[in-house]
Amino acid sequence: MQSEPAITPELVAKHGLTPEEYQRIETILGRTPNFTELGVFSVMWSEHCSYKNSRIELRKFPTEGPRVLVKAGEENAGVIDVGDGWGVAFKMESHNHPSAIEPFQGAATGVGGIIRDIFTMGARPVFSLNSLRFGPIQGDGEAVRTNRRLFAGVVAGISHYGNCIGIPTIGGEIYFDESYQGNPLVNVFCLGVLRHEQIARGAAKGVGNPVFYVGAETGRDGLAGAAFASRDLTEESKEDRPAVQVGDPFKEKLHLDACLELLATDAVAGIQDMGAAGLTCSTCETASRGGSGVEIDLNLVPQREPGMTPYEILLSESQERMLIIAKKGREAEVQAIFDKWDLPCARIGVVNDDGMMRVKVGDRVAAEIPARALADEAPLYRREAKARPPEPPLDLATVPEVDLHAALLTLLAHPTIASKHWVWRQYDHMVRTGTMVAPGSDAAVFYVREAGKILAATSDCNALYCKLDPREGARIAVAEAARNLACSGATPLAVTDNLNFGNPHRPENFWQLRECVEGLAEMCRAFDTPVTGGNVSLYNENPDGAIFPTPTVGMVGLIEDETHVTTQNFKAEGDVILLLGEPGDELGGSQFLAVVHGRKEGLPPRLNVEHELALQKALRDLIRTGKIRSAHDCSEGGLAVALAECCVSGAEQIGAAFWLEGIRDDQMLFNESQSRVVVSVAAEDAATILARFSEAGVPAQEIGRVGGMELTAEFRHTTYSWPVETLRETWHDSIGKIMGAS
Amino acid sequence: MKARVIVMPKQAVLDPQGNAVRDALHHLGLDAASVVRVGKFMEIDLADAGDRPALETKLHALCRDLLSNPVIEDYRLELGE
Amino acid sequence: MRFAVIQFPGSNCDQDCLHALRDDMAQEAEYVWHKTDSLAGFDAVVVPGGFSYGDYLRCGAIARFSPVMAAVKTAAADGPPVFGVCNGFQILCESGLLPGALIRNRSLQFVCEEVGLRVETSDSPFTCAIPVGTILRMPVAHGEGCYFADHETLRDLETHDQVLVRYVDAKTGEPVAAANPNGSLANIAGVCNRERNVFGLMPHPDRACNRRLGSEDGKRIFQSVIDTLAGRRPAPKDDAVLAPVGA
């Protein structure tokens, strides 16, 4: 019998539990917890597993809709109906803290975790996206070199895991800003398809059903990673080395195939991934969902290292493991399938009806906790919120006029705006032969051959807007995601979100969280896109401060017909360029102001939801007529950057000339006013299309022509001109050059 | 003078490659193979060794910063002829 | 025709190959699990891409010892076409069925993008339906695709016309360095054996068989195999025009 440390207030504090929380544990147990039980509570009641600081806010999200088959929070991932008996399961999750410590393995295991979440729903994963944020990578110096190392490591980790397992990474977004220095964000998204009747549940049902442990052996890796992810990053956390897990995509590929084969047999009563908090979380969550109890024997758990304590086995976050509740009498079938795939599989316990999660070591009881109380009754907090005074609107008089010719090139070369080609050429974005629109356009488009459906997906969040005005920034994140889908020809279906914030105990951070949640919720209602799940990552903070509030929005849409798929690049000489939406003049919070003037300030653009909805609907309707040759939304860098991208983002480059009138040229070129899209159409269709937009109440005007090998902006007094070749090189090669230099 | 550096995955860290090689060895009849761990071996020719203790300190620093990833790997440095 | 698509643990283009053959080429195709030791009843064998056995040690190093590879070797000796794509090419080289080896990309990075390929000879079951000099567009996606062979082997390959496809600039058709995605010697993208019935290439014809994916050029390679199997023998080397069906 091993001796365990005595429970002292210090030990409780070291586990990140408050005295009140500890009291609650004693009340639930009716006694003092032992060391193992304390560890189990500490991970299950960490923010990462319990959402104790955010759950009250998360209830504000719309989660219902006619297409929702599995709601947010019910299972590992939500499921949405896409018609003809097919559904899609998708979710976004963060792996920020592990990636800050070990970027390659941190990002790789993040990808592995989200993929497991999808296939344990019974869905075959078909593609991934990711939203990444790092500190600045341009220039020199210790910090910048570290940022480059983190960026390169994360990209290599995602590439390694995704490529090996054979799930294409087809899109996403990458931002660079000082606020992410030391706190990179790695948000990974995966989507899978399944028949409605294949939806698998993570519930331990049926008294007497055997509990199987499947997959890799348990080691000491990632001990208490969930608790680790729920603390600020400090110098000391670099010493938290056991918290790094190593992923094995090859093993997970076997899991994936074996699980889908197994789930097709109907021999499974419940299935759950062992992700954060490993065996602990999967055991008590399945029992809680099933309204049952589970009893397991740790002596039966395959172990990689000798001498592991119950505490270590229960809290280990070794990768590529799953818990399966088989139906009684079907054990042999389960065993046979895992044998075929050469996967270790051990029967470690049984479902019972006493509502307890009971962990034994042989005959000795190592932990005995009511499963529901542990999984679902963590304390919930409404933290103190303190609003930041609103940002004053930008006074244009304080913005000196600069060389705008150089400004466009500076923006195009900025890693946030520049082509991410250097990144996605490292991702296998074509495996599974469904990628119709490769990374780099407004949204990725994927043909799912099993279902005969065309899906579009995007992830978006302008965190600078969220910093300056959290509510408006969050509203814009949803609107922009929907706009990106509309530009690709898709109708939005649903949203998954990843809320990345600083320490919620700081009132301004909590206020940001609440504002962002309310902004997201309002717009998800407006777009009729329920939130099907997601993830909250708090404590993204180091001694230099918190990250920008970053509520990343992942949105999935459906394209009805192959002919509706639309891309952003200009297609043909002589086509007419139309600007949908008002030209706008808002420079506050713009990339132009931040990158060219070094000022991250001002009121970010305002979103008018009626205008946005009308724009997107009209755009989709016209795309369906087949007359829209290209569509690209105006976002970071405004109209000038959007037009430059239309010229250079295709396989073939082509120039364009456009003209505008306004007070100041910089304002006209680079403002980031919302609800604007640039489309190109054949010259003979222009008049009809302008009339159609006008009927739909959407402002639209002809602003230029496609053609030549220059991009030319004609204003009343000045004309600016850039050779397309220069634009292409500046935009396309920027990140590669920066990374080559490191 | 030669420096030899052996980099191995840490004992506590999963080594998927080692496990795959072990399984292949079993498959080819070497059932006795119980644990396989795959690491890296590097050989560095040093032209002018100079101040040996300083060199050794420098090499250790580089082993930690460049040649191994201390988060998941251990290294061993041998200096010899 | 009946195609075998070999499935190793870690294959991940097996489904893509199967679907390209079935849906886009209208052929019969079946998976063959790596533990199987016979390929009886199949007209042709495809070794698909992926990361067989995790590609630990070296790409294809563990796969070559699998039971099914013994069957592939037997099949190759009997003459039916054996065709390795990407990881399949690596496995065929490791098994000694093809000369040379594939090493880490010169950039040390995985590379996924569309490349231009020039067909160097029509004298093979894999290129017989494609005139010499044709430029094909199809994707590559690999981390270890840099073709390497010693001088003598390279000379042999050229002498016996075994280089079937080369990386070229898709516009000019020239095998320039900028068009070489991985640093392969002599821009070699695919080679066949001396008997000409085993072919490996790094690019993915299986990913270029449908208009939705931006290229259908991969079909021309599969079509060559189908034509060969149907008894339409490869055209003589200097004859750019193929004999009509049944002639």
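The values are calculated or read from the model by the stated rules, or taken from the named source; none is laboratory data. Predicted model, so just to flag it, every value in this text is computed and none were measured. Please note: Cβ atoms are built from the backbone with ideal geometry, for glycine as well, and neighbour counts cover all protein chains shown. Calculation scope for accessible area: heavy atoms of the full protein, side chains included, ligands and nucleic acids excluded. Shrake-Rupley method; radii C 1.70, N 1.55, O 1.52, S 1.80 Å.
What the table shows:
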| item | result |
| --- | --- |
| Residue that is modelled with the highest pLDDT [pool: residues in segment B:69-79 that are open to solvent by less than 70 Å² (accessible area, probe 1.4 Å) and within 14 Å of chain A (Cβ to nearest Cβ)] | B:Glu73 |
| Among (1) under 26 Å from A:Cys49 (Cα atoms); (2) of a type outside the set (S, T, N, Q); (3) touching a Phe, Trp or Tyr at 6+ places or on another chain (Cβ under 7 Å), the one test that A:Arg506 misses | (3) |
| Residue list for segment B:12-35, filter: within 8 Å of another protein chain (Cβ to nearest Cβ) and open to solvent by 60 Å² or more (accessible area, probe 1.4 Å) | B:Asp23, B:His27, B:Leu28 |
| Answer from A:Leu513, A:Leu499, A:Leu520, A:Leu493 - the residue that is touching a residue at least 60 places away in the same chain (Cβ under 8 Å), open to solvent by less than 20 Å² (accessible area, probe 1.4 Å) and over 22 Å from A:Gly589 (Cβ atoms) | A:Leu493 |
| Test for B:Leu66: is it of a type in the set (A, V, I, L, M, F, W, C), open to solvent by 70 Å² or more (accessible area, probe 1.4 Å) and within 14 Å of chain A (Cβ to nearest Cβ) | yes |
| Residues within segment A:175-190 that are open to solvent by 10 Å² or more (accessible area, probe 1.4 Å) and either within 19 Å of A:Gly113 (Cβ to Cβ) or assigned to a strand (DSSP E or B) (or both), tallied | 2 |
| From the options C:Ala77, C:Ala70, residue that is assigned to a helix (DSSP H, G or I), free of Cβ contacts under 8 Å to residues at least 24 places away in the same chain and open to solvent by 10 Å² or more (accessible area, probe 1.4 Å) | C:Ala77 |
| Out of A:Gly83, A:Gly30, sole residue that is open to solvent by 30 Å² or more (accessible area, probe 1.4 Å), on the phi > 0 side of the Ramachandran plot and out of contact with any Lys or Arg (no Cβ under 6 Å at 6 or more places or on another chain) | A:Gly30 |
| Qualifying positions in segment A:201-223 - open to solvent by less than 10 Å² (accessible area, probe 1.4 Å), assigned to a loop (DSSP other than H, G, I, E, B) and under 13 Å from A:Thr286 (Cα atoms) | A:Gly202, A:Ala203, A:Ala204 |
| Segment C:65-118: number of residues that are out of contact with any helix residue (DSSP H, G or I) (no Cβ under 7 Å at 6 or more places or on another chain), of a type in the set (Asp, Glu) and more than 25 Å from C:Thr228 (Cβ to Cβ) | 2 |
| Complete set of residues in segment A:126-170 that are among the polar types (S, T, N, Q), out of contact with any Asp or Glu (no Cβ under 8 Å at 6 or more places or on another chain) and buried (at least 24 other Cβ atoms within 10 Å of the Cβ) | A:Ser128, A:Asn130, A:Asn147 |
| Hey, A:Ile454 β-branched (Val, Ile, Thr), in contact with a strand residue (DSSP E or B) (Cβ under 9 Å, 6 or more places away or on another chain), buried (at least 24 other Cβ atoms within 10 Å of the Cβ) and not in a helix (DSSP H, G or I) or not | yes |
| Residues that are in contact with a helix residue (DSSP H, G or I) (Cβ under 6 Å, 6 or more places away or on another chain) and either surrounded by fewer than 23 Cβ atoms within 10 Å (Cβ to Cβ) or in a strand (DSSP E or B) (or both), drawn from segment A:269-295 | A:Gly270, A:Gln272, A:Asp273, A:Gly293, A:Val294 |
| Residue within segment C:142-150 that is at pLDDT 95 or above, part of a loop (DSSP other than H, G, I, E, B), away from chain A (no Cβ under 14 Å) and over 12 Å from C:Ala186 (Cβ atoms) present | no |
| Single residue of segment C:169-194 satisfying the filter (part of a loop (DSSP other than H, G, I, E, B) and polar (S, T, N, Q)) that is nearest to the other protein chains (Cβ to nearest Cβ) | C:Asn182 |
| Failed condition for A:Thr625, given (1) assigned to a loop (DSSP other than H, G, I, E, B); (2) within 19 Å of A:Glu472 (Cα to Cα) | (2) |
| Residue match in segment B:37-56 (condition: under 30 Å from C:Lys35 (Cβ atoms) and either within 11 Å of chain A (Cβ to nearest Cβ) or surrounded by fewer than 17 Cβ atoms within 10 Å (Cβ to Cβ) (or both)) | yes |
| Members of segment C:195-208 found to be assigned to a loop (DSSP other than H, G, I, E, B) and more than 8 Å from every other protein chain (Cβ to nearest Cβ), listed by number | C:Glu195, C:Arg196, C:Asn197, C:Met202, C:Pro203, C:Ala208 |
| Tally of residues being surrounded by fewer than 17 Cβ atoms within 10 Å (Cβ to Cβ) and either of a type in the set (D, E, K, R) or within 14 Å of another protein chain (Cβ to nearest Cβ) (or both) across segment C:32-57 | 5 |
| So C:Val111, is it among the β-branched types (Val, Ile, Thr), at the interface with another protein chain (Cβ under 10 Å from one of its Cβ atoms) and out of contact with any Phe, Trp or Tyr (no Cβ under 8 Å at 6 or more places or on another chain) | yes |
| Subset of segment A:613-649 [on the phi > 0 side of the Ramachandran plot, touching a residue at least 60 places away in the same chain (Cβ under 8 Å) and open to solvent by less than 10 Å² (accessible area, probe 1.4 Å)] | A:Gly637 |
| Boolean, C:Asp150 is touching a residue at least 60 places away in the same chain (Cβ under 8 Å) and of a type in the set (Asp, Glu) | no |
| Filter result for A:Leu464 (within 14 Å of chain C (Cβ to nearest Cβ) and either open to solvent by less than 10 Å² (accessible area, probe 1.4 Å) or under 30 Å from A:Pro392 (Cα atoms) (or both)) | no |
| All helices (runs of 4 or more DSSP H) inside segment A:644-742 with 2 or more residues being basic (Lys, Arg) | A:724-740 |
| Of all residues making up segment C:129-141, the number that are away from chain A (no Cβ under 14 Å) and open to solvent by 60 Å² or more (accessible area, probe 1.4 Å) | 1 |
| Matching entry among A:Asp354, A:Asp342 (being in the same structural domain as A:Ser282 (by TED's automatic domain parsing) and farther than 18 Å from A:Val294 by Cβ) | A:Asp342 |
| Test result for C:Arg166, within 14 Å of chain A (Cβ to nearest Cβ) and either under 14 Å from C:Val119 (Cα atoms) or crowded, with 21+ Cβ neighbours inside 10 Å (or both) | no |
